[in-house]
1. Looking only at segment 22-39, count every residue that is surrounded by 21 or more Cβ atoms within 10 Å (Cβ to Cβ), touching a residue at least 40 places away in the same chain (Cβ under 8 Å) and charged (D, E, K, R) and tell me the total.
2. Please determine, by comparing only the residues of segment 142-185 that are in contact (Cβ under 8 Å) with a residue 60 or more places away in the chain and among the acidic types (Asp, Glu), which one is surrounded by the most Cβ atoms within 10 Å (Cβ to Cβ).
3. I'd like the residue in segment 1-26 that is of a type in the set (A, V, I, L, M, F, W, C) and part of a helix (DSSP H, G or I) and, out of all such residues, is farthest from residue 123 (Cα to Cα).
4. Regarding residue 129, is this residue under 15 Å from the mean Cα position of the chain (by Cα) and farther than 23 Å from residue 39 by Cα?
5. Tell me, please, whether a residue that is under 26 Å from residue 89 (Cβ atoms) and not charged (D, E, K, R) can be found in segment 115-125.
6. Which one is nearest to residue 15 (Cα to Cα) among residues in segment 143-171 that are acidic (Asp, Glu) and in contact with a helix residue (DSSP H, G or I) (Cβ under 8 Å, 6 or more places away or on another chain)?
7. Mind telling me which of the residues 13, 54, 60 ends up being modelled with pLDDT under 95 and in contact with a Gly (Cβ under 8 Å, 6 or more places away or on another chain)?
Amino acid sequence: MADQEIIDQLLHLFRERGHRQYGEQVTESEHALQCATFARQAGEPAHLVAACLLHDYGHLLHNLGEQIADQGIDARHENLGANYLARYFAEEVVEPIRLHVRAKRYLCWKERAYADGLSDASRQSLSLQGGSMSDAEARAFEAHPHFASAVSLRRYDDMGKVAEMVTPSFEDFRSVLEPFVRPSP
């Protein structure tokens with residue numbers, strides 16, 4: 001599959017399912033665009049902007065409903081999305097996506113103010129995702145090669161919940177995604 005087709009396929013799923021809410025005051029598409037916009041405005045490297053755009057792609061891949069946390073279900077969207085995206089994108093984009101839930105758990109361990117500032121939906125999902133890390137989990141996570149990118153992604157994830165925020169379109173981020181598409185075999 002050509003690079004453009006891969007990106008077209010990803011953007012198609014945002015158009016098809018991105019209107020869904022996920023416990024916040026924004027849709028999946030709005031959240032993705034806000035996270036990427038905040039990262040871009042902060043001057044983050046392109047791989048992190050791409051990861052911000054795609055970090056919740058796993059939510060688009062499952063059909064478990066919009067309020068699955070209310071049902072006590074953790075769809076493990078971070079792994080679902082990362083495993084799918086790993087077929088098409090470079091590691092520096094995919095691994096922060098895989099780790100962004102662990103980054104939330106880490107930040108809850110590291111910073112009391114972070115945990116206190118989580119939205120109700122993030123608190124609810126945190127309990128399903130294992131809660132704050134233990135000391136041993138946190139130390140191991142800090143040693144991960146994609147630790148810093150995952151923590152940065154998580155902070156943008158927390159920011160991307162602004163109702164009615166105006167952002168660029170998905171097409172405006174196409175050029176950010178293109179360099180990270182893996183060559184087809």
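The values are calculated or read from the model by the stated rules, or taken from the named source; none is laboratory data. Predicted, not measured: the structure shown is a model, and the values here were computed from it. Using ideal geometry, Cβ is built from the backbone for each residue, glycine included, and neighbour counts are taken over all protein chains shown.
1. Number satisfying all stated conditions: 1.
2. 157
3. Going through the qualifying residues, I end up with 6.
4. When the stated conditions are applied, residue 129 passes them.
5. Looking through segment 115-125, at least one residue is under 26 Å from residue 89 (Cβ atoms) and not charged (D, E, K, R).
6. That would be 171.
7. 60
Each row is one residue, and each column tells you yes or no for (1) within 20 Å of residue 79 (Cα to Cα); (2) part of a loop (DSSP other than H, G, I, E, B).
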| residue | (1), (2) |
| --- | --- |
| 149 | yes, no |
| 156 | yes, no |
| 169 | no, yes |
| 174 | no, no |
